[in-house]
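To start, the structure itself, in C-alpha cells.
The values are calculated or read from the model by the stated rules, or taken from the named source; none is laboratory data. What you see is a predicted model, and the numbers here were worked out from it, not measured in a lab. So basically every Cβ, Gly included, is an ideal-geometry build from the backbone, and we count neighbours across all protein chains shown. Accessible surface is based on the protein model in full, side chains and every heavy atom, while ligands, DNA and RNA are left aside. Shrake-Rupley method; radii C 1.70, N 1.55, O 1.52, S 1.80 Å.
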Amino acid sequence: LLLLSLNSWLKFGLKLSLGYDERETNPSGTNSTNLGLALLAAPYYSAIDPNGKPYISIPGWGHYSPSYRASVFKDNNNNTQINPSAFVELTPISGLTIRTQAGMDDYDYRETTLQLPSYLGSVGNGKTTEFFTRGTSKTFTNTAEYKFNVAKVNHFSALFGQEYTDGFTNVFNASTTGQSNDLLTQLSAGPNNITVSNVNNYDNNATTTKTGGVGDAAYVYNSLFGTLNYDYNERYFVEGSIRSDKSSRFGINHQTGTFWSAGVSWKAKEEDFLKDVSWLNELTVRANTGTTGNSEIGNYPSLATVSSVSYGNSNGYSFNSPGNPNLTWESQRLTTIGINTTVLEVVHLDLSYYIRKTSNMLIDVPFAYTSGFGSVTSNTGTLQHKGADINLTVDVWKDPAHKGYFSPFIIANIDHNKVTSLFQGKDFWVVPNTGVSWVIGQPVNYFEPIYKGVNSQTGAPEWYLPNPGEEGPKTTRKDPKAVTSEFNSTALQQNTGVSQYPWLTGSFGFNAGYQGFYASALFIFNVGKHITDNDRYFYENPNQFPGYNQTKRVANYWKKPGDVALFPDVNNYQFTQFDSQLLENASFMRLKDLTIGYTLPQSILAHTKVIKGAKIYVDGRNLLTVTKYLGSDPEVDSNIALGNYPNTKQYSLGVEVTF
C-alpha cells in the first residue's frame, strides 16, 4: 500500500495484493457414500484390520477404504490471484475534488482430477481431467465532487461520476482415459476417450463454479451516476442520487436501466425542545426510498446461440438457447423508515421498518418442449418483502480507569415474503427440480406430497389427498377423511403451506474487556427456516437399503394394531418416500465465534521503538449448536440438503503485530 501527497492539490495511491493457494478436495459427489453419505457405512465395518493396518477394501462393506481412495483418486486445485488498484486525486480549487481510480481482479485457476492407473477397480485404465480458467475484470471510475456552503448553515455536496467495467473469462476443459502407469498421468498419456467438452454456459466466477469446455466469454458495464446532498445546520438532511447502468448481458434495445434514491433525515436531538433532555443523548429520524438493479444472469442469456454437433460423418449446428432480445434489468424498490437513538449513554438502538418489492424478476419461464426449449429467461413476476431490522447494544458496565467494559448486543431481522404476481396468467408455479412453489398471495412454500403418518390399525403409511380440480395443487388440504396409502408422487403433490425462508434471523453476543484482556462471543440464529432433508431418504429406509447404516429412529416402526409409530409395517411398506416427512424445521442457534485475547500495554511496546501494537488471542468457531433439525447442519443455505458436510469446530491461536 502506497499513499503519496505530492503537494497540497495532488495525491496518488497504489495498492497491490497477490495471493496463491493450493488445496486437495474429495472428487466424489455429495450424494455419495464416499463423501456426504459416508454415515451409511455401518459402524461394525472397520477400516483397519486387527493389526492396525488400513484395509484396501473394507470387509463386509464392499467399498474401498477412504484412505485407499484418497491415494488413487486425486483432485488438486491451485489458484493465483492478483488485485492491483491505483488512484489519482486532484483538488484544483477549494471544495472541488477530481478523482480517477482503476482496479483489476485477475486470476488463474487450475484443477487436475486423476484416477490413477493402479486403481484396483480399473487397473491400467487411468483417467485425467484438466480444467483451467483465466479471468480478468477491470474497473475504471472517474468522479468529480464539489462541496460548498451558503450562509454557513446551508451545506451542499454534489458528485458526478462515470464507471466502466469489463470482464473476460477463458475456459479449457479436457479429459482422456487409458493411462497405464502412475508416473504417466498427463492428458497426452491417455489414448482413449479424448474429450474437449462443449461450452454450455459461462460464469464470471469460475474459481468456484466450473463452466466446462473451451471458449471465451466477456461482459461490459458502462455507468453514469450522480448524487446531491444538502443539510441545514447539520440538523435537516436531504439526499438524492440517480444512476444509469448499461450492461451487455441484456437485449440490444434494453441494456440500460435507470435507478434512483431519495432520503431525508432529522437530528431531532439538536432541536431546542430536546437539547436539555439529559437522558436522551441521540435521536435521529430517517426515511428513504429508491431502486436498484440486478443483472446476475450469466453473460449471454439474451442471445440466441448455437452449438456444434456431429451427425454420422458430418458436422453441423444445433440451437443451444432461444435468447430473449427484450431481456432487461431486474428492479428492486426499497422503502425504509427508522430511528437511531442513544439513551443514558448506555442503550444504543437502531430500528427500521422496510418494504422491498422486486419486479421484472429474471426467471426461467417454462415453455412447452414442442417449442424446442424447456424455458426462456424473461422479466416477469414480483415478490414483496416486509419487515424490520433491530440493532440494540447496551453498555452494561464501563470502567475507563481499568479499560473495563461489558456490552451485550442483539441484531435481528424480521421478514415476511409474499409472491404478488407471476407469468402467463398463472397464479401458482412450481420451480422445476426444487420442490418449491410460488403461489400468488403466499410466501415461497414447499410443494410436495403431505405425509399424514402411519395408520395405527393397519400399519400402512397415509398421505393427504390434494383438493380436486385446478385449485388442488396451489392449496393445502389436510382432511383426515381424504387420505390414501398408495403413494404417487405426481398425483399427491400439493402446497404444504410451509415456508422455505425464516421469518426471524440475526445474531447476539457480547464484547468485554478488562486491563488489556478482552473477549467476544457471537451467536447466530434463525427461526422458521425449513429444509428438505434428502439424506434421511437413505438413512431411514432399511428395507430399501439393507445392509446400510440407519438412524435409531427406524426402530420406531409399526408392529401390531394400536401401535403409534413413526414408520409403517416393515414387511409391507417402504419406510420413507420423497414427501413432507423429509421437510424439517431447521431453526437453530449456534455459537459461531468465541475469542479471548490479551493486548500488550504500550509501556512494554514503547521499548521496542518499532512495534506499535501487539495482541495474542485464541479463537473458536462453531462450538455449540442448538437445533431440532435431524440433518447434518441446519445452516445449509439451500432448500434441500444433499450429503452436505457440516460446519466443523475450529480452534486457532494467533498473534497480531502492528508496526
Cβ pairs under 7 Å, 6+ apart, first in segment 358-374 and under 21 Å from V444 (Cβ atoms) and hydroxyl-bearing (S, T, Y), second at pLDDT 85 or above and surrounded by 10 or more Cβ atoms within 10 Å (Cβ to Cβ): T358/E330; T358/Q332; T358/T382; T358/L383; S359/S331; S359/T382
Number of the exception - N76 against (1) within 30 Å of R23 (Cα to Cα); (2) over 35 Å from the mean Cα position of the chain (by Cα); (3) exposed (fewer than 15 other Cβ atoms within 10 Å of the Cβ): (2)
Subset of segment 377-394 (residues that are over 20 Å from S421 (Cβ atoms) and either open to solvent by 30 Å² or more (accessible area, probe 1.4 Å) or basic (K, R) (or both)): D389, I390, N391, L392, T393, V394
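So which residues in segment 606-651 are among the β-branched types (V, I, T) and over 30 Å from R536 (Cα atoms)? Give the derivation first.
Restricting attention to segment 606-651, the residues satisfying the condition of being among the β-branched types (V, I, T) are 608, 610-611, 616, 618, 625-627, 636, 640, 648.
Result: T608, V610, I611, I616, V618.
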Residue within segment 104-115 that is open to solvent by 40 Å² or more (accessible area, probe 1.4 Å) and farther than 30 Å from L187 by Cβ present: yes
Which numbered condition L6 fails, given (1) more than 38 Å from the chain's Cα centre (by Cα); (2) assigned to a loop (DSSP other than H, G, I, E, B): (2)
Residue match in segment 281-304 (condition: over 31 Å from the mean Cα position of the chain (by Cα), among the aromatic types (F, W, Y) and open to solvent by 40 Å² or more (accessible area, probe 1.4 Å)): no
Checklist (1) of a type outside the set (K, R); (2) over 24 Å from G435 (Cα atoms); (3) at pLDDT below 95 applied to G509, failing item: (3)
F160, sole failed condition from (1) outside any strand (DSSP E or B); (2) aromatic (F, W, Y); (3) open to solvent by 60 Å² or more (accessible area, probe 1.4 Å): (1)
Segments classed as strands (runs of 3 or more DSSP E), wholly inside segment 438-505, with at least 1 members that are open to solvent by 50 Å² or more (accessible area, probe 1.4 Å) and either closer than 26 Å to N571 by Cβ or among the basic types (K, R) (or both): 451-454
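How many residues are within 19 Å of S331 (Cβ to Cβ) and either of a type in the set (V, I, T) or modelled with pLDDT under 95 (or both) when one looks only at segment 371-417? Talk me through it step by step, then tell me what you get.
Start the filter on segment 371-417 by keeping residues that are within 19 Å of S331 (Cβ to Cβ), which leaves 377-386, 417.
Going one step further and asking which of them are either of a type in the set (V, I, T) or modelled with pLDDT under 95 (or both), we end up with 377-382.
Here the count works out to 6.
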Pair list, Cβ < 8 Å and 6+ apart or interchain, from segment 509-521 residues that are in a loop (DSSP other than H, G, I, E, B) to residues that are surrounded by 14 or more Cβ atoms within 10 Å (Cβ to Cβ) and among the aliphatic types (A, V, I, L, M): G516/L600
Criterion: at pLDDT 95 or above, open to solvent by 50 Å² or more (accessible area, probe 1.4 Å) and either more than 30 Å from Y518 (Cα to Cα) or among the acidic types (D, E) (or both) - qualifying residue of L594, L642, L566, L582: L566
Residue that is modelled with the highest pLDDT, among those in segment 597-612 that are open to solvent by 20 Å² or more (accessible area, probe 1.4 Å) and part of a strand (DSSP E or B): Y598
All positions within segment 116-138 that are of a type in the set (A, V, I, L, M, F, W, C) and surrounded by fewer than 16 Cβ atoms within 10 Å (Cβ to Cβ): L120, V123
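Does segment 163-190 hold any residues that are part of a helix (DSSP H, G or I) and not hydrophobic (A, V, I, L, M, F, W, C), and which are they?
Pass one, segment 163-190, residues part of a helix (DSSP H, G or I): 187-189.
Of everything in segment 163-190, just one residue is part of a helix (DSSP H, G or I) and not hydrophobic (A, V, I, L, M, F, W, C), namely S188.
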Positions within segment 320-333 being open to solvent by 60 Å² or more (accessible area, probe 1.4 Å) and at pLDDT 95 or above, in sequence order: R333
